[in-house]
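One structure below.
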Amino acid sequence: MKQISGYLVFILFLTGVCSAQDNGRVIFYRENNITGAAVSYDVFANNVFAARLKNGSYSVFSCPAGNYTFRVENFANTAVTMKVEKEKTYYLRLGLKTGMWTVVPELIAVDSVSAYPAIKKGMLKYMDMNTSGARKLNRFGINTFLGFGFKSVALFTTTSGDDSKLSFGGGYGITLNYGREIGKNFDLSVDLGYQFSDLRPPLKNASATFGRFIISATPALLFQPKKQDAMRFRIGAGPDYFMSCIFNIKGSEVPDGFDDKWKYLNRAGFHVTGIFEMDVSDKWSIDYGIKYYNVSYEFSSGGASYPTDPSLKFPSGSGLDLTVGFLYRF
C-alpha cells in the first residue's frame, strides 16, 4: 500500500494541480547517459531561460497558457513549438545525438506513458532552479600512477648482452588524496602514498626494487570550461618529501652478484602537475593527468656492501607519471 501511495504522490507532483494560477506545466527531463555526461544544457521558452538540465535530471516549468517555442540554447534545430493549455502537463525529453566528432542536443515532445518510467525508474534528480546548485568543494580518494624515470642504472647483463636496468624514478604507485577547491580559481591538495620501481626487463634469477614513501602538497590554479560545470582542469606545482627510501637487490644467483638492502636519505623535491577531473555523479568524480617530479637521492647505509658508482651513490629520482584518481566529494 505504501508503494502505491508513493507512486500516486509522484504522479500528482508531476501532473500538478495548476487551477489556482490557471497555469500549464512543462516537464523537461534528461536521462542518464555516459555520452556528454559532464555538460549541462539550458532550455529556453520564448527566448527566456526556463531550465538547466544536467545528466540524469528533470525540471518543472510552470507557465501561463499560451503558445511557446522551446529550444536548447542556440541550437536552432532543437526548437519545439506547442500550445500550452491551463491545468495540463507536457513533457519534453532532452537527448544527445552523437556524430564522429560532435555531440548535438535534441528536444523531443513525448507523452506521459514514456515520461513516467523514464523519470521514476531512471531515478532522475529534480533540478530546482530556486536552489543553489553549488558543487561539493572537498574531495577524498585514491590516486594511482604509473611512470618512468629519466635516468636508469644498468644492474645486470643477460647472456645475450642486454642490460637489465632500474630507475630510481617512475614505477608503480598509489596515494591517499585530500583536496579542497578554494574559490573559483584555486585548489589545494595533499597526497600520502608509496611508489616503487623494478628491473626492466625483469629477470628470472635476479631482482631489484627501489621503494619510497611520498608526501606531496599541490597548490593549483583551477580552470573550468564554459558550461561544462562537471569538468575542471587543475594545473599546479608544489613540494615533495620522500621517506624510507629502500633499494633491495637479490642477485646472489648470478656471477659476482649479491643480496643486500641499501637505505637512502630522506629527500625533498618538487613536482608539477596537469590534471583533468570529471564528475560522474553528485558525490563521485574521476581524474587523470601527468606529473613531473624532480628529486636526487643519497646513499645512507647498507648491509654487507655499499655503492661506489656515483649513479648508485647519488641516483636521480626524477621522472614522469601518468595518474588516475577515484574521488569522493563532500
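A few points about this structure:
- Residue selection: Tyr306 fails the criterion of being under 37 Å from the mean Cα position of the chain (by Cα) and not small (Gly, Ala, Ser).
- Among residues of the range 63-85 that are in the same structural domain as Arg30 (by TED's automatic domain parsing), those with a beta-carbon under 7 Å from a residue that is surrounded by 14 or more Cβ atoms within 10 Å (Cβ to Cβ) and among the polar types (S, T, N, Q) at least six positions away or on a different chain give the pairs Cys63/Asn23; Pro64/Asn23; Arg71/Thr78; Val72/Thr78.
- Single condition Pro117 does not satisfy, out of (1) under 27 Å from the mean Cα position of the chain (by Cα); (2) in a helix (DSSP H, G or I): (1)
- Residues of the range 148-165 satisfying the condition of being part of a loop (DSSP other than H, G, I, E, B) and over 35 Å from the mean Cα position of the chain (by Cα): Thr158, Thr159, Ser160, Gly161, Asp162
- Selection within the range 238-263 - of a type in the set (Gly, Ala, Ser) and surrounded by fewer than 14 Cβ atoms within 10 Å (Cβ to Cβ): Ser244, Ser252
- Test: residue in the range 244-252 that is assigned to a strand (DSSP E or B) and within 16 Å of Asn177 (Cβ to Cβ): no
The values are calculated or read from the model by the stated rules, or taken from the named source; none is laboratory data. As the structure is a computational prediction, the values presented were derived from the model and not from experiment. With ideal geometry, Cβ positions are generated from the backbone for all residues, glycine too; neighbour counts draw on all protein chains shown.
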